[in-house]
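The values are calculated or read from the model by the stated rules, or taken from the named source; none is laboratory data. Because the structure is predicted, anything quoted here is derived from the model rather than measured. Ideal geometry is used to build each Cβ from the backbone, glycine not excepted, and the neighbour counts take in all protein chains shown. In case anyone asks, the SASA skips ligands and DNA or RNA and just uses the protein heavy atoms, side chains included. Shrake-Rupley method; radii C 1.70, N 1.55, O 1.52, S 1.80 Å.
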Amino acid sequence: MFDYRDLKVLSTAPALQVQGMGRLSDLLDDLVVYRRLEPMDPRLPSLQDAWRDMGLADSSIPRKLEQPYARVVTWLLQRARELDAPGQKIRQVIYLGDTATSDSIAFHNVLQVTGWSGWAFIASEQADAPPTIEHRDDGITLTNRWGAIAHWLCWLTEEQGVRIDASTAVIVDIDKTALGGRGRNSTPIDQARMEGVEQIVAQVLGERFDHDLFQRAYQELNQSRYHPFTADNQDYLAYTCLIIGAGLCSLEELIEDISTGRMADFEQFIRWVDARLCRADDLGLIDIHRTVYAHLRAGDPTPFKAFRRQEYLATVRRMGHLPNDVPIERRLQEEICLTGEVLAVVKWLKERDVIMLALSDKPDEASVPTPEQETEGYLPLHRVPTHIVGHPIEEWLPR
Ligand SMILES: [Mg+2]
């Protein structure tokens, strides 16, 4: 007999297993938005067309932690609900995520802008620690097992008495939640991004590309103590590695300038590069620099488009590509898989007529193919098939 108050079952649960192949779109269709907040579902209006109706001050794209982001997302949920159940009001929200800090803020913003009741499930797996689950007063449940999502759902419906029905909105985080579950399968997501940086730098520098120098620069500057310089922005980091690889400055010089405050932030750096590059004759590099600089000045938070395109290809290459019989440990290290337990709960929720939207903070350029790639058969990430990996939890879910 399954007892949701008892976590022991998670220690003794059957090993992780491959549960066939699937796509996020099997359950969510195109009810997906990537960072630009443009719904993939053509029935829903874009931010550019509807920002006034959404209650925004202008058409600039809010980031995940900002309150206007919650406005856009909940407005889209309401509009989507209206499309298939006219007159049906949303009264409560369920949020599935992987990051205690940012997903909590995004969840609280949703409650604040709507007045809905809500509950969030946030997991980051630590398979070598005893299973834990903590139900906080603010509606957020934190756990170190993806499988505990069944315990949480039982707790929600049985102990809290929450009725899941058409008045329920569900927000599913994609990155490291539905795809590449944090603590279990997030390595290949990070690897795809790093490969994207490396490939664009190698492409621009050609024979001058120094793999070891690139690795050193990337590992060093990717650390949080450089966030005042990189703003934790991977596009800025990729561009900086390119400039170091091109020899415009050495890694040591840059570290020195950052630590003494001579180089305050990335904007100063790119201006400095701009002044030096006008005397250079490296056309490939100048071309990339001009494009990045133009996007940056236009306020685009992902100015290094060429890098993100490489990241997209590196990500797709890591989905569903391994044969069915590779050991599970290797699969979780190399292939971006769907998180079986999250999928099982999404399916359970869908059967109860909720309205769902999946969110990704990955830039659209790293998530959706170009028109040319589309004609070659490339798909947006939520439509790419890959293996589903998880513990079988179906029989633990509430009836
Ligand atoms: Mg995430």
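Okay, here's what the table says:
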{"quantity": "Number of positions in region 62-82 that are of a type outside the set (Lys, Arg), modelled with pLDDT of 95 or more and in contact with a Leu (Cβ under 8 Å, 6 or more places away or on another chain)", "calculated": "7"}
{"quantity": "Check on ASP232, within 16 Å of the ligand (Cβ to nearest atom) and modelled with pLDDT under 95", "calculated": "yes"}
{"quantity": "Some residue of region 132-143 being away from the ligand (no atom under 16 Å from the Cβ), buried (at least 20 other Cβ atoms within 10 Å of the Cβ) and part of a helix (DSSP H, G or I)", "calculated": "no"}
{"quantity": "From the options ALA148, ALA178, ALA169, residue that is within 26 Å of ARG331 (Cβ to Cβ), outside the structural domain of GLY245 (by TED's automatic domain parsing) and either open to solvent by 10 Å² or more (accessible area, probe 1.4 Å) or away from the ligand (no atom under 16 Å from the Cβ) (or both)", "calculated": "ALA148"}
{"quantity": "Any pair with Cβ under 6 angstrom, 6 or more apart, that starts in region 367-390 at a residue that is part of a helix (DSSP H, G or I) and ends at one that is open to solvent by 20 Å² or more (accessible area, probe 1.4 Å)", "calculated": "ARG383/ARG23"}
{"quantity": "Flag if ASP353 is assigned by TED's automatic domain parsing to the domain that holds ILE164, within 16 Å of the ligand (Cβ to nearest atom) and open to solvent by 20 Å² or more (accessible area, probe 1.4 Å)", "calculated": "no"}
{"quantity": "Region 277-322, residues that are basic (Lys, Arg), open to solvent by 50 Å² or more (accessible area, probe 1.4 Å) and part of a helix (DSSP H, G or I)", "calculated": "ARG290, ARG297, ARG309, ARG317"}
{"quantity": "Number of positions in region 1-40 that are assigned to a helix (DSSP H, G or I), farther than 30 Å from ARG308 by Cβ and open to solvent by less than 60 Å² (accessible area, probe 1.4 Å)", "calculated": "2"}
{"quantity": "Among the candidates VAL197, VAL204, VAL162, residue that is part of a helix (DSSP H, G or I) and more than 25 Å from the chain's Cα centre (by Cα)", "calculated": "VAL204"}
{"quantity": "Number of positions in region 63-111 that are under 15 Å from ALA50 (Cβ atoms) and away from the ligand (no atom under 16 Å from the Cβ)", "calculated": "12"}
{"quantity": "Selection count where residues are at positive phi and either among the basic types (Lys, Arg) or without any contact (Cβ under 8 Å) to a residue 12 or more places away in the chain (or both), scope region 113-161", "calculated": "2"}
